[in-house]
Every structure is written in structure tokens, then in C-alpha cells.
1. How about the range 38-53: which of its residues are loosely packed, with under 12 Cβ neighbours inside 10 Å and either touching a strand residue (DSSP E or B) at 6+ places or on another chain (Cβ under 7 Å) or closer than 27 Å to residue 156 by Cα (or both)?
2. Take the range 88-123 and flag every residue that is touching a residue at least 40 places away in the same chain (Cβ under 8 Å) and surrounded by fewer than 13 Cβ atoms within 10 Å (Cβ to Cβ).
3. Which residues, taken from the range 1-37, are more than 25 Å from residue 83 (Cα to Cα), surrounded by fewer than 16 Cβ atoms within 10 Å (Cβ to Cβ) and touching a helix residue (DSSP H, G or I) at 6+ places or on another chain (Cβ under 7 Å)?
4. Tell me the residue from 158, 81, 108 that is within 28 Å of residue 9 (Cα to Cα), at pLDDT below 90 and not assigned by TED's automatic domain parsing to the domain that holds residue 25, please.
5. So how many residues does the range 105-162 have that are out of contact with any helix residue (DSSP H, G or I) (no Cβ under 8 Å at 6 or more places or on another chain) and assigned to a helix (DSSP H, G or I)?
């Protein structure tokens, strides 16, 4: 759980600050009364990291009628984000593993039981096999870095000035 991992909290903070310095309108961590970006607090019998983030005004992309202009600008922003992330690194991300990472795609085969149609199982197995031979077998020749990985209509705020 992220709220119990100080290293992950620090990585998130550094990433947000990195993006702000590159002109992105993202939530930013705010210092608490002790001058810290986060603190370890006890709730009942467990401890969790707590932080305060700035508020961003805007509407979720899912509530907006998508126009060609919005889609184009969104594509430009995502490309700029990807480019900005190439200059970011944090020790936490070198050790972190999640099922959502490309390097962990092999773990998806353990979830194929949820597919009821044999043709879909075959399609997914085929894609996983191609990914293994065309990407994972050459993974060390590719540039490594942090990617957003979850850009979707519920993670994007739009406003008139953005």
C-alpha cells in the first residue's frame, strides 16, 4: 500500500515537482506545518503517510465532448509528458514492480481464466507470445524510464486555460 511506503511517497513528490518545473499543470505537494511534504501518522493500529496536494480546478475529460482540437492538444500534451519523463529518475522506480508494468506482462497469463471464450484466450496468448519475442527478448536494448501508464478520461482535467 502506497500510504505505508515512504520511498514511494518521496518518488511521487519528486515526480510531481519535476513535472511542475517543466511547465505541467499538475497537483503539487505542499509542505505541512513542520515544513515536510509528508508525515507518518498513526490511525488506530496502523501507520500511513499523509500529504497535502494542491487543488486543481477543471472538468474530467470523461465529462467533456471530445473534439478533434481537444484530442490533438491531448496528444501533444501526452507526447510532451513522455518526453519530460525521460529526464526523470528516482531510486524507488528502479526497484518497484507492479503487474501494470510492461516487464511484468508475463504475469497476465495467470488471469486468462476469466476469459470464457476460447478464441479470446487464444488471441491474448498470441499477443503475449509476440510481445515476449518482439519486445521482452530485446528489452535490454530499449531505453528504460518512467511512463505514466494510466492516461485515461478519468485522470485528465481540462479547463478553459489549459
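1. 41
2. Of all residues in the range 88-123, those touching a residue at least 40 places away in the same chain (Cβ under 8 Å) come to 88-93, 96, 100-101.
Correct list: 91, 100.
3. 2 - this is the single residue of the range 1-37 that is more than 25 Å from residue 83 (Cα to Cα), surrounded by fewer than 16 Cβ atoms within 10 Å (Cβ to Cβ) and touching a helix residue (DSSP H, G or I) at 6+ places or on another chain (Cβ under 7 Å).
4. Matching residue, one of 158, 81, 108: 108.
5. 20
The values are calculated or read from the model by the stated rules, or taken from the named source; none is laboratory data. Owing to the predicted nature of the structure, the values given are computational and were not obtained by experimental measurement. Glycine also receives a Cβ, built like all others from the backbone with ideal geometry; neighbour counts cover every protein chain displayed.
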